[in-house]
Amino acid sequence: MEKRATRDALGAEVLRLGKEHEEVYVIDCDVAKSCRTLEFAQTLPQQHINVGISEQNAVGIAAGLATAGKVPFVVTYAVFGSMRACEQLRQEACYPKLNVKLLCSHGGLTPANDGASHQCIEDMGVLRTIPNMTVIMPADYASARKLIAAAYAYPGPVYMRFTRDAVPCIYGEDEEFEIGRARLLRAGEDVTIFANGDTVSIALEAAERLAEEGIQAELYDMHTIKPLDTAAVQAAIEKNGRIITVEDHNILNGLGSAVCEVVAEAGSGKVVRIGVQDRFGESAPYEELLRMNGITAEAICEKARLLLEK
Amino acid sequence: MEQIKASGTELKEKAKELRKTLLTMIYEAQSGHPGGSLSAADIITVLYFHTMNVRPDEPKWEDRDRFVLSKGHVCPVLYSALIKQGFMEEKEIGTLRKQGSPLQGHPDMKRCPGIDISTGSLGQGISCAVGMAIAGKRDQRPYRVYTLLGDGECGEGQVWEAAMAANKYELDNLTVLIDNNGLQNDGFAAEIMPTLDLEKKFASFGFQTVRINGHDVLELEAALDFMGTQKNGKPKCIVCNTVKGKGVSFMENVPKWHGVAPNDEEYRQAMQEIEGGF
């Protein structure tokens, strides 16, 4: 399967949008090269700002631009965008519901060699607690581009998180994606898996292995964790109530927690959360970091079997 | 409705009106920040009745001059200016900090006409003003952007991030005003966190600067007029030396009046003092 990093989609799609819409601005924070926005800077200098190493300022400037009708995309790493500038996002983007987009590469454990300081396992949880915020992690290159375009069209603050490393291409270029609407990737009656980001392809592999054992797993790409596609979760609860969530994020307050909230309020169903085990990462190969946290196809299969035994 | 414009001694009368209005608001609410509102009263008066071009009946007019109250807690003085300019009716004076009011405890652009951006968390407004000024430059719009910061607020590192960006993008359409009253929430700035010379600091960040008496409306008028003519690629900074609580003897330079509302007797005395001039 072809692999591409979703940060490449970030660079390509904001450039396309910028060429088409002169109100699209990119605000870089001295990581344009890593975030793939260098070409935007060179091609559309009138729509580009590089504030250097000042993420808080970047978000404030974006808010000011938004009041003047611009659609600013602040681009940086997930750990700095979501937390260094967190309160600025809350005060100046979310509270007045301004049209500020935060697009962050290096989400989850993907900056593997960089170690814990650059890995980001808290961002989706931190930002989904802020009113008016939309939180998205696309699974692959094609869906990333479509969802960035959807974020442009959506009037309000959006956070999107991308992978540093190449991830398998799952979708065709012509497939459509809607913010807040999970994508059914595989039908199945025995257990439902909700995954997002680069773990979607891991879950897909698990679902295929389970099928070989005669277990039919349903798989959703839950690219938007806020607003959550609660209808998809409800359907899973009603179908068999056996749910597994998979994410490259702390198991606290990410996709798993969001799904659990729906299940708990429904009063039935059982959820097993697979994700980062509330601990910091370290410098190590990405696959090894996932394995240390039990984010593997084997682990998903094992949890599915356990759920079916009960 | 036309914007009311004033100059010279008329501005002194307007400033008096604003001081009385903001004190009435805070008294009625029994909550709010009188000290910093009073220190900023002359600055806001000159901005809204002399310098800035705004349209009270068209608050979102594209070419309006923008104002960002970075020190958002002194919004009673801004609300007073907006009301006296006709952005809102006089009856709103009694609604400060009350449920459903456009006059939220800190400025809310979605609820209050004439507020160009929501503020309240210190150090952030100046970045928003930089964003507005960049948009104005790139779109070749004639508007100017003004932002008012407290000296205490300059303790936030983001202020200096924004100042660097203002220099980089040659924002001569941006004027930063410092309400340099020397006090902050916990006491005297010199004791809490010395700011040193803010004029020199902004100058070293590439700003064209001037230091004035922030209670002299003629000086304010002249400084703002002059800075507006300086299209030299340098962002502007006017350090306004002020007295916290200015105009009410028992509030002047007294830290406790940062965020306390006057009682009946204090309110009566304050209104009398302002009426009598100072």
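The values are calculated or read from the model by the stated rules, or taken from the named source; none is laboratory data. The structure displayed is predicted, hence computed values, not measured ones. Cβ coordinates were reconstructed from backbone atoms using ideal geometry, including for glycine residues, and neighbour counts include every protein chain displayed. The accessibility values were calculated without ligands, DNA or RNA, using every heavy atom of the protein model including side chains. Shrake-Rupley method; radii C 1.70, N 1.55, O 1.52, S 1.80 Å.
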Next item on the list: Output yes when any residue across the stretch B:230-243 is within 30 Å of B:Asp172 (Cα to Cα) and without any contact (Cβ under 8 Å) to a residue 60 or more places away in the chain, and no when none is.
Entry: yes
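To keep it simple, each residue is scored yes or no on (1) within 17 Å of A:Cys29 (Cα to Cα); (2) of a type outside the set (Asp, Glu); (3) in contact with a strand residue (DSSP E or B) (Cβ under 7 Å, 6 or more places away or on another chain).
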{"site": "A:Met83", "(1), (2), (3)": "yes, yes, no"}
{"site": "A:Ala93", "(1), (2), (3)": "no, yes, no"}
{"site": "A:Leu103", "(1), (2), (3)": "yes, yes, yes"}
{"site": "A:His106", "(1), (2), (3)": "yes, yes, yes"}
{"site": "A:Ala112", "(1), (2), (3)": "no, yes, no"}
{"site": "A:Met133", "(1), (2), (3)": "no, yes, yes"}
{"site": "A:Asp140", "(1), (2), (3)": "no, no, yes"}
{"site": "A:Ala151", "(1), (2), (3)": "no, yes, yes"}
Next item on the list: Scan the stretch A:93-115 and give yes if some residue there is on the phi > 0 side of the Ramachandran plot, within 11 Å of chain B (Cβ to nearest Cβ), basic (Lys, Arg) and surrounded by fewer than 24 Cβ atoms within 10 Å (Cβ to Cβ), otherwise no.
Entry: yes
Notebook entry, point to check: Based on what the data block shows, is A:Ala206 of a type in the set (A, V, I, L, M), over 13 Å from the mean Cα position of the chain (by Cα) and open to solvent by less than 50 Å² (accessible area, probe 1.4 Å)?
Noted result: yes
Item checked: Number of positions in the stretch B:145-166 that are within 13 Å of chain A (Cβ to nearest Cβ) and either open to solvent by 10 Å² or more (accessible area, probe 1.4 Å) or of a type in the set (D, E, K, R) (or both) -> 5
Item checked: Residues that are closer than 12 Å to B:Lys84 by Cα and open to solvent by less than 30 Å² (accessible area, probe 1.4 Å), drawn from the stretch B:4-23 -> B:Ala15, B:Leu18, B:Arg19, B:Thr21, B:Leu22
Check: Scanning for something touching a Cys at 6+ places or on another chain (Cβ under 7 Å) and not acidic (Asp, Glu), does the stretch B:36-55 turn up at least one residue?
Finding: yes
Notebook entry, point to check: Failed condition for A:Lys33, given (1) crowded, with 24+ Cβ neighbours inside 10 Å; (2) away from chain B (no Cβ under 14 Å), with all others met?
Noted result: (1)
Checklist line | Top-ranked residue of the stretch A:54-74 - restricted to ones that are facing chain B (nearest Cβ under 7 Å) and hydrophobic (A, V, I, L, M, F, W, C), ranked as farthest from the chain's Cα centre (by Cα) | finding: A:Ala68
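Would you mind stating whether B:Val239 is within 15 Å of the chain's Cα centre (by Cα), assigned to a strand (DSSP E or B) and over 22 Å from B:Lys16 (Cβ atoms)?
It is true that B:Val239 is within 15 Å of the chain's Cα centre (by Cα), assigned to a strand (DSSP E or B) and over 22 Å from B:Lys16 (Cβ atoms).
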Margin query: Just to be sure I understand, how many residues within the stretch B:48-78 are among the polar types (S, T, N, Q), touching a Leu at 6+ places or on another chain (Cβ under 7 Å) and open to solvent by 10 Å² or more (accessible area, probe 1.4 Å)?
Written below: 1
Next item on the list: Please verify whether the stretch B:81-100 includes one or more residues that are within 20 Å of B:Pro34 (Cβ to Cβ), open to solvent by 20 Å² or more (accessible area, probe 1.4 Å) and within 14 Å of chain A (Cβ to nearest Cβ).
Entry: no
Notebook entry, point to check: Restricting the search to the stretch A:21-42, which residues are in a helix (DSSP H, G or I) and either within 13 Å of A:Val75 (Cβ to Cβ) or in contact (Cβ under 8 Å) with a residue 40 or more places away in the chain (or both)?
Noted result: A:Ala32, A:Lys33, A:Ser34, A:Cys35, A:Leu38, A:Glu39, A:Phe40, A:Ala41
Note to self: What are the pairs with Cβ atoms under 9 angstrom where one residue, in the stretch A:6-20, is without any contact (Cβ under 8 Å) to a residue 60 or more places away in the chain and in the same structural domain as A:Arg161 (by TED's automatic domain parsing) and the other, located anywhere, is surrounded by fewer than 22 Cβ atoms within 10 Å (Cβ to Cβ) and among the hydroxyl-bearing types (Ser, Thr, Tyr)? Sequence gap at least six, or different chains.
What the structure shows: A:Leu15/A:Thr43; A:Gly18/A:Thr43; A:Lys19/A:Thr43
Next item on the list: Could you tell me whether any residue of the stretch A:43-53 is over 17 Å from A:Leu89 (Cβ atoms), more than 24 Å from the chain's Cα centre (by Cα) and in contact (Cβ under 8 Å) with a residue 60 or more places away in the chain?
Entry: no
Item checked: When residues of the stretch B:111-140 are limited to those that are facing chain A (nearest Cβ under 8 Å) and among the charged types (D, E, K, R), the one surrounded by the fewest Cβ atoms within 10 Å (Cβ to Cβ) -> B:Asp139
Checklist line | Residue check, A:Leu228 of a type in the set (A, V, I, L, M) and outside any helix (DSSP H, G or I) | finding: yes
Margin query: From the list A:Ala211, A:Ala232, A:Ala236, A:Ala284, exactly one residue is surrounded by fewer than 19 Cβ atoms within 10 Å (Cβ to Cβ), free of Cβ contacts under 8 Å to residues at least 60 places away in the same chain and not assigned by TED's automatic domain parsing to the domain that holds A:Phe162. Which is it?
Written below: A:Ala211
Next item on the list: Given the conditions (1) more than 14 Å from A:Gln119 (Cβ to Cβ); (2) at pLDDT 95 or above; (3) basic (Lys, Arg), report the number of the one that A:Arg279 does not fulfil.
Entry: (1)
Check: How many of the residues in the stretch B:35-73 are in contact (Cβ under 8 Å) with a residue 60 or more places away in the chain and either of a type in the set (A, V, I, L, M, F, W, C) or part of a helix (DSSP H, G or I) (or both)?
Finding: 20
Check: Restricting the stretch A:75-85 to residues that are in a helix (DSSP H, G or I) and open to solvent by 10 Å² or more (accessible area, probe 1.4 Å), which is farthest from the other protein chains (Cβ to nearest Cβ)?
Finding: A:Val79
